[in-house]
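One structure is given below, encoded as structure tokens.
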Amino acid sequence: VQLQASGGGLVQAGGSLRLSCAASGSIVSINNMGWYRQAPGKQRELVARIFKAGSTDYADSVKGRFTISRDNAKNTVYLQMNSLNVEDTAVYYCNAYRFPAINYWGKGTQVTVSS
């Protein structure tokens with residue numbers, strides 16, 4: 001599975017960005033896809049994920065501000081990020097998970113929120 005992420009950038013606090021992650025390869029057996037992020041000096045953390053059946057899961061810190069969605073025809077997952085704040089500054093990584101314990105990662109995309 002290959003993951004191609006795009007959409008990061010610099011935005012002012014309160015602004016919005018949308019990240020995209022296009023998947024290719026053997027994606028039929030993927031159980032869920034999502035986004036993680038890693039800020040300087042911090043561990044990588046889950047931001048949001050969407051499961052094969054369509055359910056979603058969000059970190060508490062982004063609930064109500066971020067929305068994950070997908071376009072099955074394009075094999076693409078999106079992360080709409082609204083009301084961004086400086087704490088959202090991080091490198092964002094697209095992830096695809098295959099049961100029981102296989103993770104695929106895209107190259108990170110930088111999101112920088114200025115105050």
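The values are calculated or read from the model by the stated rules, or taken from the named source; none is laboratory data. Please read all numbers here as calculations on a predicted model, not as lab measurements. So basically every Cβ, Gly included, is an ideal-geometry build from the backbone, and we count neighbours across all protein chains shown. Quick note on the areas: whole protein, heavy atoms, side chains included, nothing else; ligands and nucleic acids left out. Shrake-Rupley method; radii C 1.70, N 1.55, O 1.52, S 1.80 Å.
The table below lists the values:
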read-out	value
Pairs, first under 18 Å from Thr112 (Cα atoms) and small (Gly, Ala, Ser) in region 1-23, second assigned to a loop (DSSP other than H, G, I, E, B) and open to solvent by less than 30 Å² (accessible area, probe 1.4 Å), C-beta under 8 Å, six or more apart	Ala5/Gly106; Ala13/Leu84; Gly14/Leu84; Gly15/Leu84; Ser16/Leu84
Qualifying residue in region 90-106 (condition: part of a loop (DSSP other than H, G, I, E, B) and closer than 12 Å to Leu17 by Cβ)	no
Subset of region 80-92 [buried (at least 21 other Cβ atoms within 10 Å of the Cβ) and within 13 Å of the chain's Cα centre (by Cα)]	Met81, Asp88, Ala90, Tyr92
Any hit, region 68-79, residues being more than 13 Å from Leu3 (Cα to Cα), open to solvent by 70 Å² or more (accessible area, probe 1.4 Å), at pLDDT 95 or above and not basic (Lys, Arg)	no
Lone unmet requirement of (1) surrounded by 14 or more Cβ atoms within 10 Å (Cβ to Cβ); (2) in contact with a Ser or Thr (Cβ under 9 Å, 6 or more places away or on another chain); (3) touching a residue at least 12 places away in the same chain (Cβ under 8 Å) for Tyr58	(3)
Selection within region 20-55 - in a loop (DSSP other than H, G, I, E, B) and open to solvent by less than 70 Å² (accessible area, probe 1.4 Å)	Gly25, Ile27, Ser29, Ile30, Asn31, Ala39, Gly54, Ser55
Residues located in region 8-22, provided they are of a type in the set (Gly, Ala, Ser), modelled with pLDDT of 95 or more and more than 10 Å from the chain's Cα centre (by Cα)	Gly9, Ala13, Gly14, Gly15, Ser16, Ala22
